[in-house]
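Undergrad: Would you mind keeping the following structure in view while I ask a few things?
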Amino acid sequence: MAEQTERRDCAAPIGVFDSGVGGLTVAREIMRNLPNERIVYFGDTARVPYGSKSRETILRYSRQIIRFLRTEQVKAIVIACNTASALALDEVEKELDIPIIGVIKSGAHVAAASTVNKKVGVIGTESTIHSGMYDQLIRAEDPKITVYGKACPLFVPLVEEGWLKDPVTETVARRYLQELLDEGIDSLILGCTHYPLLRSLIGEIAGPDVRLVNPAYETARELERLLAKHGILNTQAKPPGNEPYKFYVSDAADKFKRFANSILPYDIETTQKINIEEY
Ligand code: DGL
């Protein structure tokens, strides 16, 4: 009986959620690193952005999304959104009986391990930066590290517009990054789901002496460790012909699908819109 339960749990999907399309950068890393795993992704496209909202609101949204994901029998949850990881993870973790992780701890861990001069920059939404969560977690690992945070609210709309290499984006990026570079940082955390899509531009501006940390990559590896620890890592290949990834949104499914197909290593066939306020 226990064995049967375990087998069923291993084959169950992982729930991944974000305020919209940005969390697909995290889903992409999970697809690459854990090819046996199925994913149910929810993008809260009706209520994006989260980055300028209060903790209470983000907590309410996160609880609703988790209730929805549980109707899909997910075995674990990944909060792919930095803002929701910063503002809601601690609280919802206490309420759940399945494993859940966010993206901030992984990013903080890699940055703390990689900085040599103990000066780390973090860029993210207003809410993520003001939460101080990256700062807190990095300094818990090494109190000698100084963390310099910078909110970059214009990056999200620029990425959603597809202006990844545009001169306008470059001007904005130079302006945001200059004060961090002036501090002499040697590591920079891309602390928002959308920023890995600006990686090459940010890398050119920051220069070769600044290591860019993408929390999405480390989160996928942390997820693997978490699933293994709970005995629910899927070691069996997914059966062919069976749709392994499901995508749900709260609005504008077609727009989401177009964006997703431009960044995923796989073409999404359907995206379903649901009314998240019902959960
Ligand atoms: N997904 C959000 C994050 O990583 C960025 C977009 C938003 O503000 O909702 O913080």
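Undergrad: Being free of Cβ contacts under 8 Å to residues at least 24 places away in the same chain and in contact with a Gly (Cβ under 8 Å, 6 or more places away or on another chain) is the requirement here; does ASP135 meet it?
TA: yes
Undergrad: Still on this model: Check off (1) closer than 23 Å to VAL210 by Cβ; (2) outside any loop (DSSP other than H, G, I, E, B); (3) of a type outside the set (Lys, Arg) for VAL92 and give me the number that stays unchecked.
TA: (1)
Undergrad: Being surrounded by fewer than 23 Cβ atoms within 10 Å (Cβ to Cβ) and either more than 20 Å from ASN234 (Cβ to Cβ) or out of contact with any Gly (no Cβ under 7 Å at 6 or more places or on another chain) (or both) is the filter here; which residues of region 58-75 pass it?
TA: LEU59, ARG60, ARG63, GLN64, ILE66, ARG67, PHE68, ARG70, THR71, GLN73, LYS75
Undergrad: Would you confirm, using the coordinates I've provided, whether THR146 is of a type in the set (Val, Ile, Thr) and open to solvent by 30 Å² or more (accessible area, probe 1.4 Å)?
TA: Criteria met by THR146.
Undergrad: Name the single residue, out of those in region 93-115 being of a type in the set (S, T, N, Q) and out of contact with any Phe, Trp or Tyr (no Cβ under 9 Å at 6 or more places or on another chain), that is surrounded by the fewest Cβ atoms within 10 Å (Cβ to Cβ).
TA: Going through the qualifying residues, I end up with SER114.
Undergrad: A further question on this structure: Which numbered condition trips up ARG32, out of (1) modelled with pLDDT of 95 or more; (2) closer than 26 Å to ASN234 by Cβ?
TA: Tallying (1) modelled with pLDDT of 95 or more; (2) closer than 26 Å to ASN234 by Cβ, ARG32 fails exactly one: (1).
Undergrad: Separate question: Could you please tell me which pairs satisfy a Cβ distance under 7 Å, a separation of 6+ or placement on different chains, a first residue in region 149-167 that is within 27 Å of GLY184 (Cβ to Cβ), and a second residue that is open to solvent by 60 Å² or more (accessible area, probe 1.4 Å) and assigned to a helix (DSSP H, G or I)?
TA: LYS150/GLU179; ALA151/GLU126; PRO153/GLU126
Undergrad: If you don't mind, there's one more thing I want to ask. Within region 201-240, take every residue that is farther than 17 Å from GLY15 by Cα and among the β-branched types (Val, Ile, Thr) and give me the one that is most open to solvent (accessible area, probe 1.4 Å).
TA: Residue satisfying both the conditions and the ranking: THR235.
Undergrad: Moving to a separate point now. May I ask you to list the residues in region 108-128 that are under 15 Å from the mean Cα position of the chain (by Cα) and not in a helix (DSSP H, G or I)?
TA: Listed by number, the residues that qualify are VAL122, ILE123, GLY124, THR125.
Undergrad: Next up: Restricting attention to region 116-131, which residues are open to solvent by 10 Å² or more (accessible area, probe 1.4 Å) and of a type in the set (S, T, N, Q)?
TA: ASN117, THR125, SER127, SER131, listed by residue number.
Undergrad: Okay, next question. State which residue pairs qualify: first residue free of Cβ contacts under 8 Å to residues at least 12 places away in the same chain and farther than 16 Å from PHE259 by Cβ and inside region 30-52, second residue open to solvent by less than 40 Å² (accessible area, probe 1.4 Å) and more than 16 Å from the ligand (Cβ to nearest atom) in any location, beta carbons under 6 Å apart, and separation of 6 or more residues or different chains.
TA: none
Undergrad: Now for a different question. Restricting attention to region 187-217, which residues are assigned to a helix (DSSP H, G or I) and either away from the ligand (no atom under 15 Å from the Cβ) or in contact with a Phe, Trp or Tyr (Cβ under 8 Å, 6 or more places away or on another chain) (or both)?
TA: TYR195, LEU198, SER200, LEU201, ILE202, GLY203, GLU204, ILE205, ALA206, listed by residue number.
The values are calculated or read from the model by the stated rules, or taken from the named source; none is laboratory data. Values in this document were obtained by computation on a predicted structure and should not be read as measured data. Every residue, glycine as well, gets a Cβ built from its backbone with ideal geometry; the counts of neighbours run over all protein chains shown. Heavy atoms of the whole protein, side chains included, go into the accessibility calculation; ligands, DNA and RNA do not. Shrake-Rupley method; radii C 1.70, N 1.55, O 1.52, S 1.80 Å.
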